Amino acid sequence: MNNMFKNLVIWLVIGMVLMTVFNQFNTRHTTQAMMDYSQFYNEVKAGNIAEVVIEGRNLKAKTTDGKSITSYSPGDIWLISDLLKYGVKVKAKPEEEPSLLMNIFVSWFPMLLLIGVWVFFMRQMHGGGRGGAFSFGKSRARMLDESTNTVTFADVAGCEEAKEEVSELVDFLRDPSKFQKLGGRIPKGVLMVGNPGTGKTLLARAIAGEAKVPFFSISGSDFVEMFVGVGAARVRDMFEQAKKHAPCIVFIDEIDAVGRQLGAGLGGGNDEREQTLNQRLVEMDGFEATAGVIVIAATNRPDVLDPALMRPGRFDRQVVVPLPDIRGREMILLVHMRKVPMAPDVKADIIARGTPGMSGADLANLVNEAALFAARQSKRLVDMDDFERAKDKIIMGAERRSMVMPEEERRNTAYHESGHTVVAKLLPKTDPVHKVTIIPRGRALGVTMQLPVEDRYSMDRERLLSTIAVLFGGRIAEEIFMHQMTTGASNDFERATEMARRMVTQWGMSDALGPMVYGENEGEVFLGRSVTTHKNVSEVTMQKVDQEIRRIIDEQYALARRLIEENKDKVEAMTKALLEWETLDSDQLTDIMEGKPPREPKPKQSGTTPPPPPQKDGTTGAAAPLAT
């Protein structure tokens, strides 16, 4: 719209300049100084005028001494007789008129200007400009060619199996005959499934970069507009463009925006999204062939997609892009570390071991945060201490050292975190405690961070029960040592109750109720599922479920209370150390649990300028923290 307004202003300025030029051309002969008629008449009577040329009412005269003067007659009928009376030589010429071209231009210029503005706006509306009113049906896909797409498989790390699966697409795009001579058919569509940040879009760009073919990129939401039929028209236009550039790749990000189940939700079975989906189904596997066009789509919600979209012939292959394991995290870190100057003490394998569950995007953010920490201290290199600080900030939240806490609340927080830590240290199947702090971080007043020793893909019953007991440790310590209850344990109770409920209703970990799923269909209406819910559990059974949840919670609460009461000295020692140093690392916690005085905090590595307020260092690690 800004470009359109700018062009219109330019045309108006050009028109005004032309009018001014022609006007000056038309009046160039009147630029001389005009003499008053009375003064001119006095000169005539004085005998100073030798010759006069009359053009209409314009008078051009020459004086007896050779000067030229001009004047304008008011229509004096006695002028010529007076001139002749005083011996002035009189000549008459017809008044100079503008040329025919000038007349046409002056009379038609406003109309021509209006016609030009009208044509300009019509071109914009018909798609001549970006985003015109009649360009809704045009595809908004952005094409990247070989020169603008420089991403290759070398830039993608942490998903080797997914890279292996899609490498066939690269071979086909480079040499289709390799597969066709044996009767093989390359997949028409590949659906990439994975959590947010795992690199689905990056992998699709790498396929196009490796194959050196055009790459059309569009988001699922770009198909949907307020006008009916626009989405289907854009799908048609996108595939028409793709066929012209075949072989090529069409990448649709977040396809679940327009690929959800047909006939589901409150919108009925004939809304705009469904027309868009139907058109895509036809384009991908209809009567008209789309040879050489490979569609790659990405989503983190494959469960809501329509089955017709998932069948062979459309999306033939599903490629799972999972969260990276420890080896994958190390490779991803090495890719992002190339752009940052690293100190010799930075070990990617140690950082990878301490960041379980992080996606590729999380690790990229970790490297960036570490670089920012180093820049704040004017360091020339990013060291391991910067990565430790960045990891703590991402997992536990930013420190709020400016927050002033009353001493009683600070002591309560210290006892709360000590309760979590002591229970976690005493129970067998819990993740080791990596760090405990009573420095407010994010929305929490204190944090107990547990670090898994290795990647874990499932949880057993004993580990879940131990986790519930650890969650209760904070409230129990408040009750025993501070003789009060605070709201700081609300999130602990919420997580413990949810975990116990899932053990009973979903995971079949209750001896009384057995391996059966208890619960109702609680899927949301607009997630591509039916509106109706089916009640498949009786009231009597739900009462038994509630009793089992109550039993699990009560047993683990009692277990945590017994452990804390038997180890009051360790809780007191840990609380004292927390109040003194604010943060304890794993080595200090081990000393306390063994009955030794905790060792001094590790010294911080100094940069070229003094570091920010001290924060106790520890071994590299990450986990879901227990927040107060």
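The values are calculated or read from the model by the stated rules, or taken from the named source; none is laboratory data. All values reported here derive from a predicted model rather than from experimental measurement. As a convention, Cβ positions derive from the backbone with ideal geometry for all residues, glycine included, and neighbour counts pool all protein chains shown. The accessibility values were calculated without ligands, DNA or RNA, using every heavy atom of the protein model including side chains. Shrake-Rupley method; radii C 1.70, N 1.55, O 1.52, S 1.80 Å.
When restricted to residues that are in contact (Cβ under 8 Å) with a residue 60 or more places away in the chain, within 24 Å of Arg327 (Cα to Cα) and either hydrophobic (A, V, I, L, M, F, W, C) or surrounded by 15 or more Cβ atoms within 10 Å (Cβ to Cβ) (or both), the range 440-471 contains 5.
Can we say Leu333 is under 24 Å from Pro196 (Cβ atoms), exposed (fewer than 15 other Cβ atoms within 10 Å of the Cβ) and of a type outside the set (Phe, Trp, Tyr)? The answer is no for Leu333. Selection of first residues in the range 253-265 that are open to solvent by 60 Å² or more (accessible area, probe 1.4 Å) and of second residues that are aliphatic (A, V, I, L, M) and at pLDDT 65 or above, restricted to Cβ pairs under 6 Å at least 6 apart or on distinct chains, gives the following pairs, ordered by first then second residue: Arg260/Val304. Taking first residues from the range 188-211 that are in contact (Cβ under 8 Å) with a residue 40 or more places away in the chain and partners that are assigned to a loop (DSSP other than H, G, I, E, B) and among the charged types (D, E, K, R), the Cβ contacts under 7 Å between residues at least 6 apart in sequence or on separate chains come to Lys188/Asp285; Lys188/Arg314; Lys188/Asp316; Gly189/Arg314; Gly189/Asp316.
The residue that is nearest to Gly197 (Cα to Cα), among those in the range 348-360 that are modelled with pLDDT of 85 or more and out of contact with any Ser or Thr (no Cβ under 8 Å at 6 or more places or on another chain), is Ala352. In this structure, is Glu388 under 22 Å from Phe472 (Cβ atoms), open to solvent by less than 50 Å² (accessible area, probe 1.4 Å) and among the charged types (D, E, K, R)? So Glu388 fails the test. Scoring Glu288 on the criteria (1) crowded, with 17+ Cβ neighbours inside 10 Å; (2) closer than 28 Å to Val170 by Cβ; (3) at pLDDT below 70 leaves a single failure, condition (1). Residues in the range 47-80 that are surrounded by fewer than 10 Cβ atoms within 10 Å (Cβ to Cβ), at pLDDT below 80 and on the phi < 0 side of the Ramachandran plot: Pro74, Ile77, Trp78. Scanning the range 558-575 for residues that are touching a residue at least 60 places away in the same chain (Cβ under 8 Å) and in a helix (DSSP H, G or I) yields Leu559, Ala560, Arg561, Leu563, Ile564, Glu565, Lys568, Lys570, Val571, Glu572, Met574, Thr575. Of the residues in the range 117-128, at least one is more than 30 Å from Ala46 (Cβ to Cβ), under 55 Å from the mean Cα position of the chain (by Cα), surrounded by 12 or more Cβ atoms within 10 Å (Cβ to Cβ) and at pLDDT 70 or above. Could you go through the range 349-359 and let me know if any residue there is loosely packed, with under 15 Cβ neighbours inside 10 Å and either under 18 Å from Lys200 (Cα atoms) or not hydroxyl-bearing (Ser, Thr, Tyr) (or both). Scanning the range 349-359 turns up at least one residue that is loosely packed, with under 15 Cβ neighbours inside 10 Å and either under 18 Å from Lys200 (Cα atoms) or not hydroxyl-bearing (Ser, Thr, Tyr) (or both). Total residues in the range 211-248 satisfying the condition of being outside any loop (DSSP other than H, G, I, E, B) and either closer than 21 Å to Glu283 by Cα or at pLDDT 80 or above (or both): the figure is 25.
So which residues in the range 485-518 are among the acidic types (Asp, Glu) and touching a residue at least 40 places away in the same chain (Cβ under 8 Å), if there are any at all? Answer for the range 485-518, where residues must be among the acidic types (Asp, Glu) and touching a residue at least 40 places away in the same chain (Cβ under 8 Å): just Asp492. Here is a check on your reading of the model: is Leu191 more than 19 Å from the chain's Cα centre (by Cα), modelled with pLDDT of 80 or more and of a type outside the set (Asp, Glu)? Taking the combined requirement at face value, the residue satisfies it. Of the strands (runs of 3 or more DSSP E) lying entirely inside the range 46-93, those containing at least 3 residues that are basic (Lys, Arg) and more than 15 Å from Met35 (Cβ to Cβ) span 89-93. Of Leu559, Leu626, all but one fail to be modelled with pLDDT of 85 or more and in contact with a helix residue (DSSP H, G or I) (Cβ under 6 Å, 6 or more places away or on another chain); the exception is Leu559. Across the range 422-474, the number of residues qualifying as within 38 Å of the chain's Cα centre (by Cα) and basic (Lys, Arg) comes to 5. Candidates are the residues of the range 308-336 that are outside any helix (DSSP H, G or I) and among the β-branched types (Val, Ile, Thr); the one that is nearest to Ala154 (Cα to Cα) is Val321. Annotation note: Cβ proximity below 9 Å between a residue of the range 96-122 that is charged (D, E, K, R) and a residue that is modelled with pLDDT of 75 or more and surrounded by 12 or more Cβ atoms within 10 Å (Cβ to Cβ) (sequence gap 6+ or interchain) occurs for Glu96/Glu55; Glu96/Asn58. Within the set Ala374, Ala343, Ala370, the sole residue that is under 30 Å from Asn300 (Cα atoms) and open to solvent by less than 50 Å² (accessible area, probe 1.4 Å) turns out to be Ala370. Could you check the range 472-490 and list, in sequence order, the residues that are at negative phi and either open to solvent by 60 Å² or more (accessible area, probe 1.4 Å) or aliphatic (A, V, I, L, M) (or both)? Listed by number, the residues that qualify are Ile476, Ala477, Ile480, Met482, Met485, Thr487, Ala489, Ser490.
When the residues of the range 8-38 are filtered to those that are open to solvent by less than 90 Å² (accessible area, probe 1.4 Å) and within 12 Å of Ser73 (Cα to Cα), which remaining residue is modelled with the highest pLDDT? In this case the residue turns out to be Ser38.
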